[in-house]
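Taken together, the values in this text are just the output of simple stated rules run on the coordinates, not laboratory data. Here the structure is a predicted model, which is why all the values come from computation and not from measurement. Reconstructed Cβ throughout: ideal geometry from the backbone, glycine too, with neighbour counts over all protein chains shown.
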Amino acid sequence: MSTTIDTRGLSCPQPVLMFMDAVKSGNENEIIVFTDTDASKENVSRAAENKKYTIKDIEQQGDEYKITLIKD
């Protein structure tokens with residue numbers, strides 16, 4: 001099961017908090033995060049690694065990023 005989080009237009013720490021809420025809500029094997037800043041991309045990636053998620057892929061589409069995270 002996967003969860004998608006759209007954090008475009010939000011500034012830190014909101015994207016990280018939304019990721020953490022998704023982690024707390026259940027046993028999600030895959031979380032996809034959309035963001036539109038480098039800082040949010042880096043902060044969400046770091047939080048994911050701290051919560052034992054692997055960064056499967058980071059796709060850049062213009063100024064936006066799609067981060068796919070997989071639970072270890």
Requested in this report: State the answer as a single residue: which of GLY26, GLN60, ILE5 lies farthest towards the positive end of the charge dipole of the chain, with beta carbon charges of +1 for Lys and Arg and -1 for Asp and Glu, about the Cα centre.
Outcome: GLY26
Query raised in the report: How would you rank PHE19, PHE34, going from fewest to most other Cβ atoms within 10 Å of each one's own Cβ?
Result: PHE34, PHE19
Query - ³J(HN,Hα) computed for each position of the range 61-72 - Karplus, 6.51 cos²θ - 1.76 cosθ + 1.60, integer Hz, glycine/proline x - result: 10, x, 8, 10, 10, 10, 9, 9, 10, 10, 5, 6
Report summary line: For the range 25-72, the count of lysine pairs 8 or more apart or interchain whose alpha-carbon atoms are under 15 Å apart comes to 6
Query raised in the report: Helix 14-25 versus the longest principal axis of the chain: what is the Cα-based angle in degrees, 0 to 90, to the nearest 10?
Result: 20 degrees
Query - When the chain is reduced to its Cα atoms, the Kirkwood hydrodynamic radius in Å - result: 11.7 Å
Requested in this report: Please sort by residue number the trypsin sites (Lys or Arg not before Pro) in the range 2-42 whose DSSP state is loop and whose Cβ has at most 15 other Cβ atoms within 10 Å.
Outcome: ARG8
Requested in this report: Compute the long axis of helix 38-50 from its Cα atoms, compare it with the longest principal axis of the Cα atoms of the chain, and write down the angle in degrees, 0 to 90, nearest 10.
Outcome: 10 degrees
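With 10 angstrom as the radius, rank MET18, MET1 by how many other C-beta atoms surround their C-beta, starting from the fewest. Write out the running numbers ahead of the final one.
Numbers: MET18 18, MET1 7.
If I rank by nearby Cβ atoms, fewest first, I get MET1, MET18.
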